[in-house]
Amino acid sequence: MAGQASVLEDHSLLSRLDRSLLTIERFLALLSGLAVFSLMVLAVVSVGGRNAFNAPLPGYVDWIEQAMPLIAFMGIAYVQRDGGHIRMDLVVGKLSGRALWFFEMLSVTLILLLMMALVWGSWEHFLRAFDFNAPLWSRDSSIDIGIPIWPAKLLAPVAFSVLCLRLVLQIWGYGRAFILGLESPVAVPLIQDVAAQAAAEAEQLEGHDNG
């Protein structure tokens, strides 16, 4: 499984692109968090309306369906940047040096190929629901209150495309480390050992105490 990771930075072009993409990833992750909070608010309104006025929020399930892509997809590139996705380290965790960077680059390349296929498939799925000539540009809508579904379907290829950009940068970072034999490359997640994780957590807690 994935451990805690750190991403190093410097003044190289790769690191600058990494930080620029991180700004977008943080914004998308914020949208995902706001979607979760919005569902909590909708649940309170719906349950409160049912109990107090016998009138639950109309289209509650429809709004949940619309918010699910925000929750499920918007944060995946941000998590990939920090190495937070679940992974098996039984073999790779025993490697070091160029062998480690090669297998990391290979695994990220395979993920990129999969995500490119998902971008294509999810875009085609979006196009089946979108029509400029239809009311609200929608060929499809939710069952209860008729919300157009194409905005939710568009979120998947957008999020997957950002993830593809992140994967390209990581392939660049791992490839650079492999060719140059670097020990601590930039713009890629470096898995920390137990001691480093404890030191990072202690530093974070100390920062909260000082604040």
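Just from its helices, what would the mean residue ellipticity at 222 nm be for the chain, if runs of 4 or more DSSP H residues each count -39500 (n - 2.57) and the sum is divided by every residue, rounded to the nearest 500 deg cm²/dmol? Don't skip to the answer; put the middle values down first.
Working: 6 runs with 140 residues, N = 211.
That calculation yields -23500 deg cm²/dmol at 222 nm.
Specify the residue with the greatest mean-square fluctuation among Gly121, Gly84, Gly173, computed from a Gaussian network of the chain linking alpha-carbon atoms under 10 Å apart.
Gly121
Would you indicate which of [x] 23; [y] 14; [z] 39 is the value of percent of Cα pairs over 30 Å apart derived from the coordinates of this structure?
The listed entry that was calculated here is [z].
Could you work out what % of the accessible surface of segment 11-91 is carbon and sulfur, using a 1.4 angstrom probe and leaving DNA, RNA and ligands out of the count? If you can, show how the numbers build up before the last one.
On the way: 3660 of 4960 Å².
Ligands and nucleic acids excluded, carbon and sulfur give 74 percent.
Could you give the dipole magnitude of the chain about its Cα centre, charging the beta-carbon of Lys and Arg +1 and that of Asp and Glu -1, in debye to the nearest 20?
Numbers: 13 positive and 19 negative charges, 109 e Å.
Rounded to the nearest 20 debye, it is 520 debye.
Run the numbers for Ala117 and Asn133: contour at 0.36 nm per residue of separation, minus the present Cα-Cα distance, in nm.
Numbers: separation 16, 0.36 × 16 = 5.76 nm, distance 2.82 nm.
Between Ala117 and Asn133, full extension yields 2.9 nm more.
Starting from the Cα of Val61, step 7 Å along the direction of its Cβ; do the same at Leu106; then give the gap between the two resulting points in nm.
It works out to 4.7 nm between the two label points.
Each label point is 7 Å from the Cα along the Cα-to-Cβ direction; what then is the distance between the points at Leu165 and Arg16, in nm?
Here the answer is 1.6 nm between the modelled labels.
What distance in nm lies between label points placed 7 Å from Cα along the C-beta direction at Arg26 and Leu190?
Going by the 7 Å Cα→Cβ label model, 2.1 nm.
Out of Pro185, Pro135, Pro148, any idea which swings most in a Gaussian network model of the chain, alpha carbons joined below 10 Å?
Largest GNM mean-square fluctuation: Pro135.
Accessible area per residue of segment 2-137 at 1.4 Å probe, in Å²? Don't skip to the answer; put the middle values down first.
On the way: 8570 Å² over 136 residues.
Spelled out: the 1.4 Å probe surface of segment 2-137, per residue, equals 63 Å².
5 Å is the cut-off here: which amide hydrogens, built 1.01 Å from N in the peptide plane, fall below it relative to Ile147, excluding neighbours closer than 5 in sequence?
Ser142
The values are calculated or read from the model by the stated rules, or taken from the named source; none is laboratory data. Since this is a predicted model, take the numbers as computed values, not measurements. All Cβ positions, even for glycine, are placed from backbone atoms using ideal geometry, and neighbour counts span all protein chains on display. The protein model used for the area step is the full one, side chains on, heavy atoms only, and it has no ligands, DNA or RNA in it. Shrake-Rupley method; radii C 1.70, N 1.55, O 1.52, S 1.80 Å.
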